[in-house]
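*Asks:* I have a structure here, written as structure tokens, and I will follow up with some questions on it.
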Amino acid sequence: MQLETRRTGDQLYVRAGEARLDAAVAIRFKDRFRDALDDAVRRVVLDLSQVEFIDSSGLGAVVAVLKLAGPERSFTLAGLNPAVEKVFRLTRMDTVFTIEPAGGARADAPDAVRAGTG
Amino acid sequence: MNGAPWNRIADIHNLMPGTAQATRRNVGFVAAIARRRTGCDPDRVETVLAEVLNNVVEHACRNRAGHVVGLEVWLLPRDIWVRVTDDGLPMPGAQLPEAKATPPEALPEGGFGLSLIRRLARDLRYRREDGRNILTFRVSAETAPRVSAPRRPAERRTAGV
């Protein structure tokens with residue numbers, strides 16, 4: 001499970017560096033996200049632009065990390081590919097996330113972020 | 001499948017271990033062929049097949065090693081038929097459960113799989129026979145074919161995973 005993180009002030013930028021966010025990696029994704037979070041983080045951006053496929057376990061893990069972040073932090077999803085966006089829409093989970101519109105590179109998306117493997 | 005249709009593009013017959021890793025490989029393999037060779041929405045095929053196999057791995061095989069899952073796929077120009085068989089536990093009451101309807105605001109972390117299957121698959125059928133679960137379904141092209149489907153004799157493919 002690749003999870004790339006960068007801290008900028010109180011913002012935690014996390015990029016899931018996996019083409020498939022599925023049952024094979026969902027638990028590790030959640031665990032690694034938990035490790036990256038700390039009390040000083042106020043805003044979380046989860047970049048899913050590398051993810052081409054998400055299944056119900058992957059979706060459940062994204063909901064779990066939203067809950068880990070908690071209501072006191074802002075939480076934004078970015079870079080949803082069409083197939084991923086479709087799963088959020090079909091399950092109506094698009095209604096509970098702040099989702100950045102597709103297209104346009106993020107100004108804060110680092111070219112080289114700290115890469116973690118595991 | 002009884003009376004397999006004459007105009008199939010390809011058949012896939014594979015045996016896989018009942019694991020998440022094997023699910024990942026096989027789902028990707030089938031979706032790639034669907035993308036290249038049929039008019040069916042490959043995202044839809046990928047989602048339904050992944051959720052069906054996830055359920056088999058999690059509930060029938062209980063994430064324990066040693067189970068063998070049969071995956072058979074018949075690709076037609078505008079339809080994909082799938083049969084998944086396994087030697088795991090039967091479905092409760094020997095029938096397909098209804099999808100749970102947890103409101104999104106409750107932030108459910110599960111229960112999405114069956115509702116995705118029921119929304120995206122057609123002719124979904126389950127039976128228990130000779131100690132095996134047998135699930136069949138179809139995924140169809142919704143609109144005009146994405147590609148001009150090639151007409152060539154059916155060929156047999158094996159995932160080799």
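The values are calculated or read from the model by the stated rules, or taken from the named source; none is laboratory data. The model shown is predicted, which means the values in this text are computed figures rather than measured ones. Every residue, glycine as well, gets a Cβ built from its backbone with ideal geometry; the counts of neighbours run over all protein chains shown.
*Asks:* Out of segment A:1-32, which residues are closer than 16 Å to B:ARG24 by Cβ and in a helix (DSSP H, G or I)?
*Replies:* Matches in segment A:1-32: A:ALA26, A:ILE27, A:ARG28, A:PHE29.
*Asks:* Let me ask another. Among (1) closer than 29 Å to A:PHE29 by Cα; (2) assigned to a loop (DSSP other than H, G, I, E, B); (3) touching a residue at least 60 places away in the same chain (Cβ under 8 Å); (4) not basic (Lys, Arg), there is one condition B:PRO5 misses while meeting the rest; what is its number?
*Replies:* (1)
*Asks:* Exactly one condition in (1) under 18 Å from B:THR136 (Cα atoms); (2) within 9 Å of chain A (Cβ to nearest Cβ) is not met by B:PRO108; state its number.
*Replies:* (1)
*Asks:* Please enumerate the residues belonging to segment B:32-49 that are within 17 Å of B:TRP81 (Cβ to Cβ) and facing chain A (nearest Cβ under 8 Å).
*Replies:* B:GLU46, B:THR47 - these are the residues of segment B:32-49 that are within 17 Å of B:TRP81 (Cβ to Cβ) and facing chain A (nearest Cβ under 8 Å).
*Asks:* Another question, if that's okay. Can you pull out every residue in segment A:39-74 that is hydroxyl-bearing (Ser, Thr, Tyr) and more than 11 Å from chain B (Cβ to nearest Cβ)?
*Replies:* A:SER49, A:SER74
*Asks:* In segment A:77-102, what residues are of a type in the set (A, V, I, L, M, F, W, C) and more than 8 Å from chain B (Cβ to nearest Cβ)?
*Replies:* Across segment A:77-102, the qualifying residues are A:LEU77, A:ALA78, A:LEU80, A:VAL84, A:PHE88, A:PHE97, A:ILE99, A:ALA102.
*Asks:* Here's another thing I want to ask about it. What is the number of the single condition among (1) part of a helix (DSSP H, G or I); (2) within 13 Å of another protein chain (Cβ to nearest Cβ) that B:ASN63 does not meet?
*Replies:* Looking at each condition in turn, B:ASN63 falls short on (1).
*Asks:* Does A:ASP35 satisfy being out of contact with any helix residue (DSSP H, G or I) (no Cβ under 9 Å at 6 or more places or on another chain) and either outside any loop (DSSP other than H, G, I, E, B) or modelled with pLDDT of 95 or more (or both)?
*Replies:* When the stated conditions are applied, A:ASP35 passes them.
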